[in-house]
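Enquirer: Here's a structure for you.
The values are calculated or read from the model by the stated rules, or taken from the named source; none is laboratory data. These numbers were taken from a predicted model, which means no experiment stands behind them. Counting neighbours? That spans all protein chains shown, and the Cβs are built from the backbone with ideal geometry, glycine included.
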Amino acid sequence: MSAQLDVKAFQARLEALEGEIDRLGDSAADIEGFFRVFLERIISVLGVGGGVWQVSEFGELTCISHMNLAAAALHEQGRQHQLLNSALDKVMQSGAAVVLPGHDSANIYDGGLTAEAGANDSPHTLLFAPIIAADKISAVLVLISPADVDPRAVRGYLGFVLGLCEKAGRYLERNRIEQLQAELARTERLRQYLSALHSSLQPRRTCYALANYGQELLGVYRCLAGTYNSRGKFRMESVSGLESVAVKSSLIKNISAVARQVCRNGKALIVENPEAARSQSPQTDDDLLTAARLYMLQARSVAMGVFPITWQQQVVGALVVEKAHEEPIDQAQRQQIEALLVEAGSALSHALTYRNLPFSPLIRAWAAARDRIYRMNWARRALWTAILAALVLTPFLIRMQVKVYGAAELIPVESRIAYAAQEGIIDSVSIPPDRIVSAGAVLAVLDSRIIDQQIERVTNEIDEVNIALFQEINSNPTGTTAEIYRSEIKAKQAELEQYRQEKNRYRITAPVAGRVITPESVLQQLPSRPVSRGEPILEVVPLDSLWELKVGIPEDEAGELLAAYDNLQSDEFLWAKFILNAYPRLTFQSRVISVARRAHVLSTGPQKYRNVIEVRIAQPPGFRDQIDPRQGLEGKVAVECGRRSLFYAVTHEFSNFIRINLF
């Protein structure tokens with residue numbers, strides 16, 4: 001009963017082992033990890049030791065996993081190591097399993113080995129089973145059975161072990177297929193990489209392909225690619241995973257400086273241990289290695305390589321490879337990088353040569369537009385043709401006003417001048433704050449101290465004669481002396497009146513009721529100023545006077561204005577719009593009164609003069625209701641000279657400039 005239970009338990013263990021091997025075969029473990037677990041599971045059920053030897057492409061056997069080979073003295077220095085090699089060769093030649101019983105068994109020699117190989121002198125039965133994949137032996141399983149297991153029992157479960165080896169063979173087949181698929185995918189990616197490198201003559205697109213495909217093919221954290229021209233300038237063009245590069249960022253500037261120096265040196269730079277930059281002395285801060293390590297600290301990379309890209313012994317760019325794990329750039333990976341850079345050098349050289357050709361930007365833009373047109377369907381192509389035709393014809397179909405511009409000054413139509421009636425020196429000026437004066441109001445007074453002295457003298461003399469006349473009348477009422485005094489008084493009064501009238505000429509009065517428009521700067525200079533008789537002193541504008549704009553149009557820009565003014569009919573006139581500087585939010589429109597036939601010279605600054613055509617513009621309706629007009633208000637005026645095509649209105653000044661300079 002116990003024997004049956006032991007058999008059932010052993011069968012259950014075998015079934016469990018088979019299930020574990022099935023699950024292991026479906027896992028994503030690598031070959032070494034698979035056979036290590038495969039061997040552990042089989043030994044835990046069927047043996048005390050063993051190993052797996054893999055067959056290379058050249059037919060050589062390599063042990064990829066072993067456990068407790070010393071139990072049967074099969075290890076490399078063991079006494080039965082030659083037996084192990086002979087048994088493995090026998091399995092490789094025959095393709096069949098070999099069972100070597102221990103020396104305690106009845107059959108001392110088994111397996112068909114030669115006499116030179118000897119017999120198994122250990123107490124353990126040895127089982128050699130081939131692992132066949134794709135109809136050829138890919139590995140050999142060596143199993144050391146326990147010492148107390150009868151060799152016949154080993155022969156009994158040989159078929160089970162071969163079944164497990166068949167599962168291992170299917171795993172090898174699947175792994176081989178996956179490797180071939182990965183190799184095919186890698187080959188396809190390399191083909192796509194080469195195609196992307198040479199698909200465009202734009203250096204940015206070439207660097208974009210190099211950075212992104214390089215990151216994928218090399219399996220690294222990040223790749224950066226840039227160009228280096230013959231003038232020694234380096235430009236970082238692409239970062240893997242990004243469509244565009246912020247060339248002004250500190251990160252890109254730092255790595256660009258390192259890559260530029262590497263391109264100048266022409267040798268690859270491999271940098272590890274970025275933390276060493278923290279302990280560098282200040283004297284080595286400008287060292288290339290220190291600069292690279294500082295960049296790595298900023299970019300959080302652990303290992304970095306900067307490789308110059310050369311073509312025909314000329315450096316045309318650089319590739320930066322960064323790793324985020326503690327994994328050095330070994331020789332095999334450097335060979336992969338160098339293989340990638342061979343085609344990259346050719347593509348970058350052609351792109352830089354193309355970029356330096358004359359009119360290359362224009363040709364690239366035309367090629368890009370042509371390619372987009374070819375990729376369009378007929379409906380979209382017809383739509384865009386109609387849109388482009390409309391855009392081309394629109395400047396000729398749309399009409400707009402042709403305008404000439406000039407600086408303007410506001411002046412009154414009617415003004416009166418207050419003149420000095422007497423020669424003298426102005427003593428005082430009395431202008432109201434609002435500058436509104438009535439007719440005859442005193443605006444300024446000349447120095448009249450001499451007249452005042454004469455008036456005072458004559459007044460005193462009249463008073464003295466009046467006193468003498470009073471005394472004479474009291475003493476001699478009938479005498480003739482009183483008449484003499486009366487005649488003298490009349491003469492003095494006539495002289496006094498003459499002096500008073502003469503004093504009135506020392507006053508400058510307003511000729512009409514209105515506003516004083518004399519500039520404030522002139523008013524401040526009037527006191528103590530000597531004047532001559534008949535000299536104009538102040539200007540007064542009647543309150544109901546109209547205003548107009550005096551515009552100066554540069555003579556070299558007045559051609560359209562003169563032509564439009566000459567072509568006017570008797571009942572037609574030109575319109576103008578203007579803005580005053582003091583009222584920038586108000587726009588006025590009025591008609592042109594006159595255009596001068598001749599130009600005059602206008603000063604535009606210190607020793608700067610310009611010929612201008614004077615244009616007068618009438619006061620617009622409601623002008624005085626919106627602003628308070630003052631003499632000298634300045635502004636800008638646009639005189640409308642007729643409607644022309646939009647193309648002519650925009651380009652006529654440039655065409656005139658070209659025509660005049662080519663005359």
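Enquirer: In the stretch 34-68, what residues are outside any strand (DSSP E or B), under 60 Å from the mean Cα position of the chain (by Cα), surrounded by fewer than 18 Cβ atoms within 10 Å (Cβ to Cβ) and not polar (S, T, N, Q)?
Expert: Hits for the stretch 34-68 are ARG36, VAL37, GLU57, PHE58.
Enquirer: Scanning the stretch 6-22 for residues that are in contact with a helix residue (DSSP H, G or I) (Cβ under 9 Å, 6 or more places away or on another chain) and either outside the structural domain of VAL45 (by the TED database) or acidic (Asp, Glu) (or both), which turns out surrounded by the fewest Cβ atoms within 10 Å (Cβ to Cβ)?
Expert: Looking at residues that are in contact with a helix residue (DSSP H, G or I) (Cβ under 9 Å, 6 or more places away or on another chain) and either outside the structural domain of VAL45 (by the TED database) or acidic (Asp, Glu) (or both), I get ASP22.
Enquirer: Among the residues in the stretch 604-617, are any in the same structural domain as ASP571 (by the TED database), over 30 Å from GLU414 (Cβ atoms), surrounded by 12 or more Cβ atoms within 10 Å (Cβ to Cβ) and modelled with pLDDT of 75 or more?
Expert: Within the stretch 604-617, none of the residues are in the same structural domain as ASP571 (by the TED database), over 30 Å from GLU414 (Cβ atoms), surrounded by 12 or more Cβ atoms within 10 Å (Cβ to Cβ) and modelled with pLDDT of 75 or more.
Enquirer: To continue, here is another question. Being at pLDDT 85 or above and either of a type outside the set (A, V, I, L, M) or farther than 30 Å from LEU341 by Cβ (or both) narrows it down to one residue among TYR171, TYR109, TYR157; which is it?
Expert: Checking each option against the conditions leaves just TYR171.
Enquirer: In the stretch 227-255, how many residues are among the polar types (S, T, N, Q) and assigned to a helix (DSSP H, G or I)?
Expert: So the count comes out to 2.
Enquirer: Taking the stretch 491-510 only, how many residues are in a loop (DSSP other than H, G, I, E, B) and surrounded by fewer than 19 Cβ atoms within 10 Å (Cβ to Cβ)?
Expert: 1
Enquirer: Can you find, within the stretch 556-588, the residue that is farthest from LYS403 (Cα to Cα) among those that are polar (S, T, N, Q) and part of a loop (DSSP other than H, G, I, E, B)?
Expert: The qualifying residue farthest from LYS403 (Cα to Cα) is SER570.
Enquirer: What about THR481, is it β-branched (Val, Ile, Thr) and touching a helix residue (DSSP H, G or I) at 6+ places or on another chain (Cβ under 7 Å)?
Expert: Considered against the rule, which asks whether it is β-branched (Val, Ile, Thr) and touching a helix residue (DSSP H, G or I) at 6+ places or on another chain (Cβ under 7 Å), THR481 comes out as yes.
Enquirer: Something else: So LEU561 clears everything in (1) modelled with pLDDT of 85 or more; (2) more than 43 Å from the chain's Cα centre (by Cα); (3) under 14 Å from VAL637 (Cα atoms) except one condition, right? Which one?
Expert: Going through (1) modelled with pLDDT of 85 or more; (2) more than 43 Å from the chain's Cα centre (by Cα); (3) under 14 Å from VAL637 (Cα atoms) one by one, LEU561 breaks only (1).
Enquirer: Please work out if SER195 is part of a helix (DSSP H, G or I), at pLDDT below 90, within 60 Å of the chain's Cα centre (by Cα) and under 30 Å from TYR228 (Cα atoms).
Expert: Answer is yes for this residue.
Enquirer: Considering LEU224, LEU217, LEU201, which residue is outside any loop (DSSP other than H, G, I, E, B), buried (at least 17 other Cβ atoms within 10 Å of the Cβ) and modelled with pLDDT under 90?
Expert: LEU217
Enquirer: Residues in the stretch 495-505: is at least one among the aromatic types (Phe, Trp, Tyr), closer than 16 Å to TYR419 by Cα and over 60 Å from the mean Cα position of the chain (by Cα)?
Expert: No, the stretch 495-505 contains no residue that is among the aromatic types (Phe, Trp, Tyr), closer than 16 Å to TYR419 by Cα and over 60 Å from the mean Cα position of the chain (by Cα).
Enquirer: Next up: Filter the stretch 518-555 for residues that are surrounded by 14 or more Cβ atoms within 10 Å (Cβ to Cβ) and part of a helix (DSSP H, G or I) and give the result.
Expert: LEU523, GLU555
Enquirer: Let me ask you something else. Give the number of residues within the stretch 247-277 that are within 27 Å of the chain's Cα centre (by Cα) and either farther than 24 Å from ARG334 by Cα or of a type in the set (D, E, K, R) (or both).
Expert: 7
Enquirer: Quick one: in the stretch 227-252, of everything that is surrounded by fewer than 19 Cβ atoms within 10 Å (Cβ to Cβ) and hydroxyl-bearing (Ser, Thr, Tyr), which residue is farthest from ILE363 (Cα to Cα)?
Expert: Once the filter is applied, the top-ranked residue is SER250.
Enquirer: Follow-up question, since we're still on this one. Out of all the residues in the stretch 354-389, which are at pLDDT below 85 and either of a type in the set (D, E, K, R) or within 30 Å of GLY642 (Cα to Cα) (or both)?
Expert: ARG355, ARG364, ARG370, ASP371, ARG372, ARG375
Enquirer: Hey, another quick one. Run down ALA351, ALA332, ALA318 and say which single residue is modelled with pLDDT under 90, buried (at least 21 other Cβ atoms within 10 Å of the Cβ) and either within 26 Å of ARG186 (Cα to Cα) or in contact with a helix residue (DSSP H, G or I) (Cβ under 9 Å, 6 or more places away or on another chain) (or both).
Expert: Step by step, each of ALA351, ALA332, ALA318 is checked, and only ALA351 is modelled with pLDDT under 90, buried (at least 21 other Cβ atoms within 10 Å of the Cβ) and either within 26 Å of ARG186 (Cα to Cα) or in contact with a helix residue (DSSP H, G or I) (Cβ under 9 Å, 6 or more places away or on another chain) (or both).
Enquirer: Out of (1) surrounded by 18 or more Cβ atoms within 10 Å (Cβ to Cβ); (2) of a type in the set (Val, Ile, Thr); (3) within 60 Å of the chain's Cα centre (by Cα); (4) within 30 Å of LEU61 (Cβ to Cβ), what's the single condition that is false for THR206?
Expert: Every condition holds for THR206 apart from (4).
Enquirer: Right, here's the next one. Condition first: of a type in the set (Val, Ile, Thr) and over 22 Å from the mean Cα position of the chain (by Cα). Now tell me which residues in the stretch 210-246 satisfy that.
Expert: If the condition is that a residue be of a type in the set (Val, Ile, Thr) and over 22 Å from the mean Cα position of the chain (by Cα), then VAL220 is the only one that fits.
Enquirer: On to the next question. Quick one: would you say ALA71 is in contact with a Phe, Trp or Tyr (Cβ under 7 Å, 6 or more places away or on another chain), outside any loop (DSSP other than H, G, I, E, B) and at pLDDT below 90?
Expert: no
Enquirer: Which one of SER415, SER448 is closer than 20 Å to ALA510 by Cβ, buried (at least 18 other Cβ atoms within 10 Å of the Cβ) and modelled with pLDDT under 80?
Expert: None of the other options fit; the residue is SER448.
Enquirer: Now for a different question. Being surrounded by 14 or more Cβ atoms within 10 Å (Cβ to Cβ), touching a strand residue (DSSP E or B) at 6+ places or on another chain (Cβ under 9 Å) and not aromatic (Phe, Trp, Tyr): is that true of ARG435 here?
Expert: Yes, satisfied.
Enquirer: Follow-up. Give the residues of the stretch 310-326 that are in a strand (DSSP E or B) and not aromatic (Phe, Trp, Tyr), sorted by residue number.
Expert: THR310, GLN314, VAL315, VAL316, GLY317, ALA318, LEU319, VAL320, VAL321, GLU322, LYS323
Enquirer: Identify the single condition in (1) closer than 30 Å to VAL531 by Cα; (2) hydrophobic (A, V, I, L, M, F, W, C); (3) in a helix (DSSP H, G or I); (4) within 60 Å of the chain's Cα centre (by Cα) that ILE411 does not satisfy, given that it satisfies every other one.
Expert: With (1) closer than 30 Å to VAL531 by Cα; (2) hydrophobic (A, V, I, L, M, F, W, C); (3) in a helix (DSSP H, G or I); (4) within 60 Å of the chain's Cα centre (by Cα) applied to ILE411, the lone miss is (3).
Enquirer: Would you mention how many residues in the stretch 86-107 are free of Cβ contacts under 8 Å to residues at least 12 places away in the same chain and over 20 Å from CYS165 (Cβ atoms)?
Expert: Going through the stretch 86-107 one residue at a time, the tally reaches 1.
Enquirer: From the list VAL342, VAL404, VAL392, which one is modelled with pLDDT of 85 or more, assigned to a strand (DSSP E or B) and not assigned by the TED database to the domain that holds PRO554?
Expert: VAL404
Enquirer: Any chance you could count how many residues in the stretch 178-204 are without any contact (Cβ under 8 Å) to a residue 60 or more places away in the chain and under 21 Å from VAL315 (Cβ atoms)?
Expert: Qualifying residue count for the region: 1.
Enquirer: Could you check, for the stretch 419-426, whether at least one of its residues is among the hydroxyl-bearing types (Ser, Thr, Tyr), modelled with pLDDT of 80 or more and surrounded by fewer than 13 Cβ atoms within 10 Å (Cβ to Cβ)?
Expert: Scanning the stretch 419-426, I find no residue that is among the hydroxyl-bearing types (Ser, Thr, Tyr), modelled with pLDDT of 80 or more and surrounded by fewer than 13 Cβ atoms within 10 Å (Cβ to Cβ), so the answer is no.
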